[in-house]
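The values are calculated or read from the model by the stated rules, or taken from the named source; none is laboratory data. Predicted model only: the values in this text are computed from it and were never measured. All Cβ positions, glycine included, derive from the backbone under ideal geometry; neighbour counts span all protein chains shown.
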Amino acid sequence: MFFVVPHPAPTPDYTTAARQLGWLMGQQGITLVYGGSNIGLMRAIADACLVEGGHVIGVMPRGLIDREVAYTDLKEFHVVESMSIRKEKMAELSDAFIAMPGGIGTLDEIFEAMSWNQLEIMDKPVALLNTKGFYDQLVSFLDYTVKQRFVRPEHHKNLLVNENPELLLEAIENYVSLKVDSKWIDDLKSETAKRINGI
């Protein structure tokens, strides 16, 4: 099962990419876990997956359902009480994470999944479908955070990025996470102690 984070207001190029990803998932028998919306890229990817005989699971907070944006025709739909519970539920149901181009909520969910991997709360692929180079600047920023030693190279390299939906699914299928020696925490403690003591 894959948890896909799309954006609700797509341009035609992004919609095409969403449909391609949905078709491939349906054809390959991959269950789509998503936010349960009946609008935008979320609807596009869900419909494409369903057309190919795929299984789609929606997860949505009750407050959004009250605003009539829920795809209630889905055979499996989970109603939760909050956005944080929604993310936990989708993560529980999923084996991997794919982010379509999106906004603040999408970025929040990308980094939360990366953080969970970093903290070894889970070990699941996190991937960006980089349609039209949408995530190029984000990847460049992550390169910069590595150079500035705020992010470990391994944690950055574990993020899968591709503009081709088929190649991205292949990368997820073949994913083996790079592990960081737990000694890095001890090294950071040592460096911190030296700074505090003025060494």
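Let's see how each residue does on (1) out of contact with any helix residue (DSSP H, G or I) (no Cβ under 7 Å at 6 or more places or on another chain); (2) more than 22 Å from Ala48 (Cβ to Cβ); (3) modelled with pLDDT of 95 or more; (4) of a type in the set (A, V, I, L, M, F, W, C):
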position: Gly63; (1), (2), (3), (4): yes, yes, no, no
position: Met83; (1), (2), (3), (4): yes, yes, no, yes
position: Ala96; (1), (2), (3), (4): no, no, yes, yes
position: Gly102; (1), (2), (3), (4): yes, no, no, no
position: Phe111; (1), (2), (3), (4): yes, yes, yes, yes
position: Glu120; (1), (2), (3), (4): yes, yes, no, no
position: Pro125; (1), (2), (3), (4): no, no, yes, no
position: Thr131; (1), (2), (3), (4): no, no, yes, no
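Is there a residue in region 149-157 that is closer than 30 Å to Thr31 by Cβ, surrounded by 11 or more Cβ atoms within 10 Å (Cβ to Cβ) and touching a helix residue (DSSP H, G or I) at 6+ places or on another chain (Cβ under 8 Å)? For region 149-157, residues closer than 30 Å to Thr31 by Cβ, surrounded by 11 or more Cβ atoms within 10 Å (Cβ to Cβ) and touching a helix residue (DSSP H, G or I) at 6+ places or on another chain (Cβ under 8 Å): present.
Identify, from the list Ala193, Ala127, the residue that is within 16 Å of the chain's Cα centre (by Cα) and either of a type in the set (A, V, I, L, M) or part of a loop (DSSP other than H, G, I, E, B) (or both).
Ala127
Look at (1) farther than 21 Å from Ile121 by Cβ; (2) in contact (Cβ under 8 Å) with a residue 60 or more places away in the chain; (3) not aliphatic (A, V, I, L, M) and you find that Asp66 fails only one, number (2). For region 153-190, a residue qualifies if it is touching a Leu at 6+ places or on another chain (Cβ under 8 Å), over 20 Å from Glu112 (Cβ atoms) and either assigned to a loop (DSSP other than H, G, I, E, B) or among the acidic types (Asp, Glu) (or both), and the qualifying residues are Glu163, Glu166. Consider region 65-81 and keep the residues that are charged (D, E, K, R) and within 21 Å of Gly105 (Cβ to Cβ). The one that is modelled with the highest pLDDT is Glu81.
With a requirement of 1 or more residues that are buried (at least 21 other Cβ atoms within 10 Å of the Cβ), the strands (runs of 3 or more DSSP E) lying completely within region 13-82 that satisfy it span 32-34, 56-61. Inspection of region 168-175 identifies no residue that is touching a helix residue (DSSP H, G or I) at 6+ places or on another chain (Cβ under 8 Å), surrounded by 11 or more Cβ atoms within 10 Å (Cβ to Cβ) and charged (D, E, K, R).
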